[in-house]
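The values are calculated or read from the model by the stated rules, or taken from the named source; none is laboratory data. Every value quoted in this text rests on a predicted model; they were computed, and no experiment measured them. Please note: Cβ atoms are built from the backbone with ideal geometry, for glycine as well, and neighbour counts cover all protein chains shown. The accessibility values were calculated without ligands, DNA or RNA, using every heavy atom of the protein model including side chains. Shrake-Rupley method; radii C 1.70, N 1.55, O 1.52, S 1.80 Å.
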Amino acid sequence: LWDDLARTEEQAALLEASLQNDPFLTQGDMNQKTNELYILWDSVLNTTWQGLKRLLDEDAMAALTVEERAWIKEKERAVEEAGAGSEGGSIQPMLMNDTAAEMTKARVYELMELLDE
């Protein structure tokens, strides 16, 4: 799982560098790249979750599932809120994707800490 995380960090760094340094990106390009970034982190989140299912006992996994459902609701609320100020604007998807990617990345690291315990 740590190797997956390292690869994800490398891929994320490339996307982030492109977003920050490419002056020719259109808003549509930025929306697409931030979506790719979110998908990248969501994929490693799912991989991490599967690893935890193999490692944790049933009670620990049940408690973590309750926590994860609450986190998902909070993430969905934050993503909607991030886009609310630009509703209907071309930047709205980027703002929402950025929030989803950042929150998902943070959650991956929280879950990975459980693997070290």
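Basic side chains Lys and Arg get +1 at the Cβ, acidic Asp and Glu get -1 at the Cβ, and with that the dipole of segment 56-116 about its Cα centre reaches some 320 debye. Just the protein heavy atoms count here, and of the accessible area of the chain at 1.4 Å, carbon and sulfur take up 52 percent. In this simple spin-label model, placing a label point 7 Å from the Cα along the Cα-to-Cβ direction at both Ser43 and Thr65 gives a separation of 2.7 nm. The C-alpha atoms of the chain define a longest principal axis, and helix 27-55 lies at about 0 degrees to it.
With both labels modelled 7 Å from their Cα along Cα-to-Cβ, the Trp2 to Ile91 distance reads 4.0 nm. Accessible surface calculations at 1.4 Å, restricted to protein heavy atoms, place the chain at 61 Å² per residue.
Amide H to amide H, with H built 1.01 Å from N, Leu25 comes under 5 Å of no residue 5 or more places away or on another chain.
Applied to segment 103-117, the Karplus parametrisation 6.51 cos²θ - 1.76 cosθ + 1.60 on θ = phi - 60° returns per-residue 3J(HN,Hα) values of 5, 5, 4, 4, 5, 4, 5, 4, 5, 5, 4, 5, 6, 8, 7 Hz, with x for Gly and Pro. Counting only Cβ charges, +1 for Lys and Arg and -1 for Asp and Glu, the dipole size of the chain around its Cα centre is about 300 debye.
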